[in-house]
Amino acid sequence: MNASWIDIPSADGQQFGGYLSLPPAGHGPGIVLVQEIWGVNEHIRAVADQYALAGYVVLAPDVFWRLNPRVDLAYDEAGTRQAFGYYQTLDTAQAAADVATAVALLRSRPEVSGKVATLGFCLGGQLAFRAAALSQADAAVCFYGGGIDQHLALAGQITQPILFHYAGNDDHIPQTAVTAVKAAFAGKSNAVFFDYPGVGHGFNCWGRHAVYNQPAAALATGRSLQFLAAHL
């Protein structure tokens, strides 16, 4: 893959990093890919490369940079303990603003020849949702975005196409939260929801062996690519 870390100027005059993966053609529509709580780790970089191979210019910004640059954690007990420590310390409003900044930066890149979407997992799903409201992203994809139900005041600002993936047996996102998100977008043609019965939170992540579900992951990725192809 043609991939490298780049600098992203922040709104407050600093800089943070992002993993940029280019498609084989060298240009295409853009995706700002937002990490889980384990950082821009091996799995997230692989997902960035996966979407780049599908023809997208993918930028995975370092969400935790204000706490510790380039967090790269494993899914073992120690890595998970550190991941939740970062998550509990994170200023998510500031992180959402940083993701919106990454959208603007990616749109300005010469390799981006089309529109730009946000796409995120878990914490990243929430940030992809919030950044869609804050930025001029052309579409958004949220994989089991935890906490979206706490930010539904933003739903009215999201007029671009948005896709939600939810696990049926999610031990982090109660079904009441999923119902609230669906209710906030009821009657709006821009929102699409897919539910995955019998699978748990994090089902797309092959690094999390206890929850990874290959059929659901393949189906959700295919649906995401179909959605992005239609709207970017």
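Observations on the structure shown:
- The residue among 38, 178, 55 whose Cα reaches farthest toward the positive pole of the charge dipole of the chain, with charges on the beta-carbon of Lys, Arg, Asp and Glu, is 55.
- Cα-only radius of gyration and Dmax that characterise the chain, units Å: 16.0, 46
- Cα centroid separation, the range 44-86 to the range 145-216 (Å): 20
- With distances taken between every two different alpha-carbon atoms, the range 132-224 has a Kirkwood hydrodynamic radius of 13.7 Å.
- Loop-located trypsin sites (Lys or Arg not before Pro) in the range 1-89 whose Cβ has at most 14 other Cβ within 10 Å (DSSP): 70
- Applying both filters, DSSP loop and at most 13 other Cβ atoms within 10 Å, to the trypsin sites (Lys or Arg not before Pro) of the range 158-231 gives 188.
- The chain - share of DSSP beta bridges that are antiparallel (%, nearest 5): 35
- For residue 162, distant residues with modelled amide H under 5 Å away: 140, 191, 192
- Modelled label positions at residue 50 and residue 209, each set 7 Å beyond Cα in the direction of Cβ, lie 1.8 nm from each other.
- Simple spin-label estimate for residue 153 and residue 3 in nanometres, 7 Å along Cα-Cβ: 3.7
- Gyration tensor (alpha-carbon) shape descriptor, the range 1-95, a/c threshold 1.5: oblate
- The range 177-207 residues near the modelled residue 92 label - backbone nitrogen below 15 Å, point 7 Å along Cα→Cβ: 177-178, 180-181
- In Å, descending, principal axis extents of the Cα set of the range 68-182: 41, 35, 21
- Around the Cα centre of the range 1-152, unit charges on the Cβ atoms of Lys, Arg, Asp and Glu (plus for the first two, minus for the last two) sum to a dipole of about 300 debye.
- Protection proxy ranking, highest mean first, for peptides 97-105, 109-117, 138-146: 138-146, 97-105, 109-117, where packing is the per-residue count of other beta-carbon atoms within 10 Å, averaged.
- Ligands, DNA and RNA excluded, the heavy atoms of residue 152 present near 40 Å² of accessible surface to a 1.4 Å solvent probe.
- Backbone HN-Hα couplings from phi across the range 137-143 [Karplus 6.51/-1.76/1.60, Hz, Gly and Pro as x]: 4, 8, 6, 8, 10, 10, 8
The values are calculated or read from the model by the stated rules, or taken from the named source; none is laboratory data. Small disclaimer: the values here were computed from a predicted structure and weren't measured. A quick note on method: Cβ atoms are made from the backbone with ideal geometry, for glycine too, and the neighbour counts reach across all protein chains shown. Ligands, DNA and RNA are excluded from the accessible area calculation, which covers all protein heavy atoms including side chains. Shrake-Rupley method; radii C 1.70, N 1.55, O 1.52, S 1.80 Å.
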